[in-house]
Amino acid sequence: MSWMISLDMIAPLARGAAVLGTGGGGDPYIGSLLAEQALREHGPVTAISLEEVPDDALALTVSMMGAPTVMVEKLPSLEELVAPVRALEKHLGRKMTHVACAEVGGVNSTIPIAAAAVLGLPLIDADGMGRAFPELQMLLPTLYGITASPLAISDEKGNTAVLETANNLWTERIARVACVEMGCSVMVAGFAMDGRQARASMVPGSLGHCLSIGTGIEEARAAKTDPVAVVLDLIGGLEIFAGKVVDVERGTTKGFARGNARIEDADSTLRLSFQNEHLIAQTGARVLATTPDLIMVLDHESGEPITTESLRYGQRVRVLSAPSDPRWHSPEALAMVGPGYFGYDMPSHRFDGVPEPVS
């Protein structure tokens, strides 16, 4: 079923996406600015369900790639936003028919809205992750044999390139090097899909889910009830810790924001490890949750999602966990997005702290 994305929806949608972005996906405010500008200039965007995408469609993901800490200081223009799409259309010899979201997190939930507005195309109410992940190949479509390349990449200087690669991991590796050289923040378009491929591989209803979460937070604040409780109900999650941020260690390396944060309550300390997104939550030797399930940090009172680049000493926060799309728990998916891939010598733990069964 189709629905219209209007200007007044951008703020709550971006807020909900920042929750699902697990600390990453880029600053939602940056994406909101672009989406609002595009909607003011070009009008509302039609969001359609996966079931409405024709079999012969050409859907492309449009997203921002790079370190979230850099994205805050390097806002792209609407021209830069559509440059990789134009390059890819020329390369493929065909016009795209639908815009798709690579991830439903932070900036990359609203960048596609801006692209759809500028291009005058419908936006699919779905995404490739159901959350945010730091690397380009970490989409469910990868598990379905859908290739990221040809992938177009562009920067604010006017540089544009189209990559043809051996597989999606090589797309990530080559594009990441280009991204670093292009200033650690670029626009990309890729993962060409028809309607059948999109329906099989994407997570349905993602944008509508973001809007529900963001609206729920706003309504809870207005009613002076607990917005975090509303979020927990909507995501089917758990509150795994609450306390004060006492230390944050982060740096931008190889195009990623990497680091750790410590949060203390009266009795214990929670350690969060992140690479753009939160990957591990543990107290001492006890692992509370790991990737691929969702780990989110919200302001203690307002329920405002806090990204990894905006974590600061002294913030009072509540840490939540929630289940990811079940497909992320297959052996093939865990090899791509589980703790081991990121260099942690531990099995994946579900959002409720239960270790992943060994296959």
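For region 301-333, enumerate the residues that are among the β-branched types (Val, Ile, Thr) and either more than 24 Å from residue 140 (Cα to Cα) or part of a loop (DSSP other than H, G, I, E, B) (or both). Correct list: 306, 307, 317, 319. For region 114-131, indicate whether the set of residues that are assigned to a loop (DSSP other than H, G, I, E, B), in contact with a Leu (Cβ under 8 Å, 6 or more places away or on another chain) and open to solvent by 10 Å² or more (accessible area, probe 1.4 Å) is non-empty. Yes, the conditions are met somewhere in region 114-131. Within region 222-243, the set of residues being touching a residue at least 60 places away in the same chain (Cβ under 8 Å) and over 22 Å from the mean Cα position of the chain (by Cα) comprises 226, 241, 242, 243. In region 49-63, the residue that is farthest from residue 198 (Cα to Cα) out of those that are open to solvent by less than 20 Å² (accessible area, probe 1.4 Å) and of a type outside the set (Gly, Ala, Ser) is 62.
Scanning region 276-299 for residues that are under 13 Å from residue 242 (Cβ atoms) and over 18 Å from the mean Cα position of the chain (by Cα) yields 281, 283, 288, 299.
Name every residue in region 146-158 that is open to solvent by 60 Å² or more (accessible area, probe 1.4 Å) and either within 11 Å of residue 186 (Cβ to Cβ) or over 20 Å from the mean Cα position of the chain (by Cα) (or both), in order of residue number. Selection gives 156, 157, 158. Within region 1-17, how many residues are open to solvent by 10 Å² or more (accessible area, probe 1.4 Å) and among the hydrophobic types (A, V, I, L, M, F, W, C)? So the count comes out to 6. Here residue 83 meets each of (1) buried (at least 24 other Cβ atoms within 10 Å of the Cβ); (2) in contact with a strand residue (DSSP E or B) (Cβ under 9 Å, 6 or more places away or on another chain) with one exception, condition (1).
The values are calculated or read from the model by the stated rules, or taken from the named source; none is laboratory data. Because the structure is a prediction, the values reported are computed rather than measured. In this analysis, Cβ positions are derived from the backbone assuming ideal geometry, glycine residues included, and neighbour counts consider all displayed protein chains. Note: accessible area is taken over every heavy atom of the protein model, side chains too, but ligands, DNA and RNA are not part of it. Shrake-Rupley method; radii C 1.70, N 1.55, O 1.52, S 1.80 Å.
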